[in-house]
Amino acid sequence: MSIKEYRTASRAHGGLIAVQHTPGVAFGDRVRITDARGGTRDGQVIRAADEEVLILVFEGIEDLDLEDIWVRFLDEPVEIALSPEILGRELNGLGEPRDGRPPVLSNVRRPVGGAAINPAARTYPREFIQTGISTIDGLNSLVRGQKLPIFSGSGLPHNRLAAQIVRQAKLKDEDTSFSIVFAAMGVSYADAKFFRDEFANSGVLRNVVMFVNLADDPPVERLTLPRTALTAAEYLAYDLDRHVLVVMTDMTYYAEALREVATAKGDVPARKGYPGYLYSDLAEIYERCGRIHERHGSITMMPVVSMPSDDITHPIPDLTGYITEGQIVLSRELQNQGIYPPVHISPSLSRLMKDGIGRDDTREDHPHVAAQLYALYARALETRNLASIIGADELSERDRRYLTFADDFDKRFVGQDEAEDRSIDATLNLAWELMSAFPREMLTRLSETELAKYYRTAESQ
Amino acid sequence: MTDQHRTGTVRDINGPIVTIDLPGVRSGEQVRIGEIGLVGEVISLSGRQAVVQTYEGTDGVRPGEPAMGLGWPLSVELGPGLMGGIFDGVQRPLSKIALQSGDYIARGLDVPALDRARQWAFEPNPELEPGQQIGPGMVLGTVPETEVVSHKVLVPPGVAGELEEVAPAGAYDIESTIAHVRDAKGTSHRLSLYHRWPVRRPRPYLQRDDGVSPLITGQRVIDTFFPQLKGGKGAVPGPFGAGKTVVQQQIARWSNADIVIYVGCGERGNELVDVLESFPKLEDPYSGRKLMERTLLVANTSNMPVVAREASIYVGLTMAEYYRDMGYDVVMLADSTSRWAEALREVSGRLGQMPVEEGYPAYLASRLAAIYERAGRVKTHAAGSGSVTLIGAVSPPGGDFSEPVTSHTKDIIETFWALSKELADARHYPSIDWVTSFSGHVHTAAEWWHEVVDRRWEQRRTEALALLARDAELSRIVNLVGPEALSDAQRWQLEGAALVKEGVLQQSALDAVDTFCSPEKQFALLDLCLSIYDKGMALIELGVPVSELAEMPQLAKARRCKSMYNSDQVTEIHAFARAVEQAFEGIRLEYAKEHAE
């Protein structure tokens, strides 16, 4: 098809324009729009019919004079140029430079839409990643190829936690670091700067590619940004054999942009105005992570999802939790007690932990230690509630032990310094120290052998 | 069916919904769209135009490209070679697709489900004679599909008449002729090892039968507390993280079914890989063979096209019914029916249909009911019995069980295993909540348990549930006024309930010993925990303080028994139960002596 320009734009609303009488335009094609002053914008065909096509304009439709624009259909999907040179760069949602340097030049161009990984080509992720954070390593272990989001709330230190993980994450007994793909969607200038400075200060900047769309950038571009970032991640992982850690912040702003465009298109809303396909749309993003047979690289994903009003049942964290392989939940209560990182372990979970820990991966007592700590902490929280009603003095001896355990656990196991990189052994030893406050016979989740080896009596401590 | 495919033109592309100009196409007919040949299904007709839902992404398709009607509805191939395979939502074999298109699924591929080249050892049915009258469901012969599945080659539904000939024993590929049948009009039909069947039409059977025996899953909270029958229909609802997938996988692993069909409908890719990688290594506790030999996977993960997700449940069900017709007990697990419903919602939304509840179309309830009604125990045309047990996971948004999919499902099913977030948070797995779950099959299952395991099963089950209910009541009191307000007897009830929870209800899928628990071991553990409770209560009534009993080391051992003894060591559990009894007797005697002095 020869490339033609059309002046037949007829309607514009909510980031979309409609163009009439454009025969033979393909669904999903990339579009370039030129205005009277010579400025250009990018778009994509989201509905193609004989009479009219609908175009999503990534830069938004502010100030567009429909009478005076040229619409050009480029006859190609939305693509990004990829080369090893992308590391160290800061790009926007379309892969264009944001750092004032020249565009990335390469013959390798990939459509950002991606295709679904064939489940039969996947390998089950099972390599333990040590993040140096006890609540993650000990109780909600991350493995290579997993997608483990951080569920947070406004004002909670999810960015600091994500940055600490980026700094410390490594395979046990191995020193290969990750390549980082950082996708910022709708975040503030300050947050983006925080990460930029973090990467620079910890010396990983050469190993990072940043895709940034700030809160005051056009929201429509947020829809392609995670896809662009993941296309880059796939290139780094499968073409360059690197282990990639993708940090995406904040998926809530992404979903809000999706809702904005869906509403403009007139899609039937499902929950809280979000379109019915929000689940499928999020899955298209999250499921691009994983491990593939006979490929050396891998993609591990850590999206940040801020829960509106701290509500974990809000559609965005809720649907995310149904797709991802667990979640790390931050708690305002722990934050208010001055505990960092404020990880609330009860609702936190790692689904892939079971195959990444134990004798061959971390330590043989790890699975049972995690189960026992969870059981003790659940009971301890109940006791804490009870104490707040009837007063700690009314508690039995045994219950008071739980109360002390809850406090110790929060302060010593959950709490750690932002610079503290705890090895998994240190984490497990700390766990035993805390559990040994209970008599042996109460530790029923642990086997006799484990108790014999690691349980410390008051005298031996 | 015509060889001359009708062709038309694409008019409008709106995501997976494509409008085409193709007069004469039928509702439900398969259509190939565009130059790359995406497959879709006609969902509505209006004059010359038809609306098609495509099973693949429509990027790059232009108005004006051709569209071709294929003349048949969405159908699956039924024949040997299905077992052990992994298929997508429209029955394309994913391992073959990987060979053709690499790690990512390309569009427009046309790969048949069954291997055309593979040879199968066919053994004709010795009772058949040429000239004999035969009808649908009759066994023409058998093919050893895997070590555990003897594949019966059946006369397909709709074929009847005089048998002209049956092929002799030998190796055949699935397209070879293995029999000729002359129907009443004198037309001769050629039968091969496979046939096709439209997925949206239930396969016929002679009549429905009542379920008689429980599906043993090796999971105590299911088998002992909320049993499911072979041929039953059940649901596992739960918020994310409550363990739906683990429950489903445990049933797939350990249930005493002949065939397991696992449909991953809009769920995580890695979960299917887990099944794909672990099942070929795990041993079936009943046959001793590898689990994969009796398992078939349908995988339409959450990132795969949404329309094929809608189809995947029907594709799975049709294959389940096919093995049922051979006389097998089939379990089909659908994870998750909520994703199926969302696919329905997405398509209806794109069609601009009026939404009723939370955006779902008005026909959600009737479609759901129609799916679950395909489960059941039936008398097959081959005059034997077969069953399809359907267990659907439900993923209610925000864990709210009053949402449309959960509430409509609850109206249809007979067994409801409600997963609780609170139990999961305390790492009590399986997190099946004993208060909100139910089973409509307890009495039927009781007959089996009483005959095979122990006559006291139903009584013990009721006692345990009563103790758990009492525990919930007492816990409320404790939360208000503290444990000191309770009497010794009440505190012992709390101890007893805790023992039942830890010693019986909790069962770790990761524990090599406890992941499967035979019915005999299930009852032995239940009986052990309840006897400890009963004996202890008798002592407390005599005046023994509860603190003395609560500290007995036997209590800790009773909690660990499940992972200390495997399903073959039930006698050890009985021996331990006797030892506990003696310990209690010792306390009683000592106490009696002290008080006599």
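Summary table
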quantity	calculated
Residue list for region A:276-292, filter: at the interface with chain B (Cβ under 7 Å from one of its Cβ atoms) and either in contact with a His (Cβ under 7 Å, 6 or more places away or on another chain) or under 16 Å from B:G359 (Cβ atoms) (or both)	A:G276, A:Y277, A:Y279, A:S280
Residues of region A:261-279 classified as in contact (Cβ under 8 Å) with a residue 60 or more places away in the chain, surrounded by fewer than 18 Cβ atoms within 10 Å (Cβ to Cβ) and either touching a helix residue (DSSP H, G or I) at 6+ places or on another chain (Cβ under 7 Å) or among the charged types (D, E, K, R) (or both), total	1
Candidates B:G57, B:G28, B:G15, B:G8, filtered to the one that is more than 12 Å from chain A (Cβ to nearest Cβ), crowded, with 16+ Cβ neighbours inside 10 Å and in contact (Cβ under 8 Å) with a residue 24 or more places away in the chain	B:G8
Matching residues, region A:256-274, being modelled with pLDDT of 90 or more and touching a strand residue (DSSP E or B) at 6+ places or on another chain (Cβ under 9 Å)	A:E256, A:A257, A:L258, A:R259
Residue count for region A:363-378, restricted to those that are closer than 18 Å to A:E333 by Cα and facing another protein chain (nearest Cβ under 8 Å)	1
Single residue of region A:107-128 satisfying the filter (of a type in the set (D, E, K, R) and in a loop (DSSP other than H, G, I, E, B)) that is farthest from the other protein chains (Cβ to nearest Cβ)	A:E127
Helices (runs of 4 or more DSSP H) wholly inside region B:320-419 containing at least 3 residues that are crowded, with 24+ Cβ neighbours inside 10 Å and either of a type in the set (G, A, S) or over 18 Å from the mean Cα position of the chain (by Cα) (or both)	B:337-350
Filtered residues of region B:206-247 (kept if closer than 13 Å to B:S395 by Cα and modelled with pLDDT of 95 or more)	B:A235, B:V236, B:P237
Tally of residues being part of a loop (DSSP other than H, G, I, E, B), more than 14 Å from every other protein chain (Cβ to nearest Cβ) and either surrounded by fewer than 16 Cβ atoms within 10 Å (Cβ to Cβ) or hydrophobic (A, V, I, L, M, F, W, C) (or both) across region A:422-461	8
Qualifying residue in region A:198-210 (condition: buried (at least 24 other Cβ atoms within 10 Å of the Cβ) and aromatic (F, W, Y))	no
Region A:77-102 - residue that is part of a helix (DSSP H, G or I) and surrounded by fewer than 17 Cβ atoms within 10 Å (Cβ to Cβ) and, of those, farthest from the other protein chains (Cβ to nearest Cβ)	A:E85
Flag if A:G24 is facing chain B (nearest Cβ under 9 Å) and farther than 19 Å from B:I17 by Cβ	yes
Condition broken by B:R92, with the remaining ones in (1) within 20 Å of B:Q30 (Cβ to Cβ); (2) away from chain A (no Cβ under 14 Å) satisfied	(2)
Filter result for A:L105 (surrounded by 20 or more Cβ atoms within 10 Å (Cβ to Cβ) and over 23 Å from A:D281 (Cβ atoms))	no
Residue check, A:A162 under 13 Å from the mean Cα position of the chain (by Cα) and hydrophobic (A, V, I, L, M, F, W, C)	yes
Wholly within region A:252-355, strands (runs of 3 or more DSSP E) carrying at least 2 residues that are over 13 Å from the mean Cα position of the chain (by Cα)	A:343-350
Leading residue by the ranking (surrounded by the fewest Cβ atoms within 10 Å (Cβ to Cβ)) among those in region A:379-399 that are part of a helix (DSSP H, G or I), among the aliphatic types (A, V, I, L, M) and facing another protein chain (nearest Cβ under 10 Å)	A:I389
Any pair with Cβ under 8 angstrom, 6 or more apart, that starts in region B:499-522 at a residue that is without any contact (Cβ under 8 Å) to a residue 60 or more places away in the chain and within 13 Å of another protein chain (Cβ to nearest Cβ) and ends at one that is surrounded by 21 or more Cβ atoms within 10 Å (Cβ to Cβ) and aliphatic (A, V, I, L, M)	B:G503/B:L525; B:G503/B:L528; B:G503/B:A558
Subset of region B:352-396 (residues that are within 14 Å of chain A (Cβ to nearest Cβ), within 24 Å of B:G264 (Cα to Cα) and without any contact (Cβ under 8 Å) to a residue 40 or more places away in the chain)	B:G359, B:P361
Test: residue in region A:32-48 that is of a type outside the set (D, E, K, R), away from chain B (no Cβ under 14 Å) and under 30 Å from the mean Cα position of the chain (by Cα)	yes
Of residues in region A:63-90 being in contact with a helix residue (DSSP H, G or I) (Cβ under 7 Å, 6 or more places away or on another chain) and within 28 Å of B:D59 (Cα to Cα), the one modelled with the lowest pLDDT	A:V78
Selection from region B:297-316 of residues that are touching a helix residue (DSSP H, G or I) at 6+ places or on another chain (Cβ under 7 Å) and not in a strand (DSSP E or B)	B:T301, B:S302, B:N303, B:V306, B:V307, B:R309, B:E310, B:I313
Matching option when the condition is under 24 Å from A:V112 (Cα atoms), touching an Asp or Glu at 6+ places or on another chain (Cβ under 9 Å) and without any contact (Cβ under 8 Å) to a residue 12 or more places away in the chain, among A:A49, A:A18	A:A49
Identity of the residue in region A:91-117, within 23 Å of the chain's Cα centre (by Cα) and among the β-branched types (V, I, T), that ends up nearest to B:T58 (Cα to Cα)	A:V112
Hey, B:K562 in contact with a helix residue (DSSP H, G or I) (Cβ under 9 Å, 6 or more places away or on another chain), closer than 27 Å to B:Q249 by Cα and either outside the structural domain of B:A577 (by TED's automatic domain parsing) or charged (D, E, K, R) (or both) or not	yes
Residue within region B:69-89 that is within 14 Å of chain A (Cβ to nearest Cβ), under 22 Å from B:T318 (Cα atoms) and hydrophobic (A, V, I, L, M, F, W, C) present	yes
Qualifying residue in region A:325-332 (condition: of a type in the set (V, I, T), modelled with pLDDT of 95 or more and either more than 28 Å from A:L240 (Cβ to Cβ) or buried (at least 24 other Cβ atoms within 10 Å of the Cβ) (or both))	yes
Lone qualifier among B:V260, B:V307, B:V273 - being more than 12 Å from chain A (Cβ to nearest Cβ) and either surrounded by 24 or more Cβ atoms within 10 Å (Cβ to Cβ) or at pLDDT 90 or above (or both)	B:V260
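The values are calculated or read from the model by the stated rules, or taken from the named source; none is laboratory data. Because the structure is predicted, anything quoted here is derived from the model rather than measured. Cβ atoms come from the backbone with ideal geometry, glycine included; neighbour counts cover every protein chain shown.
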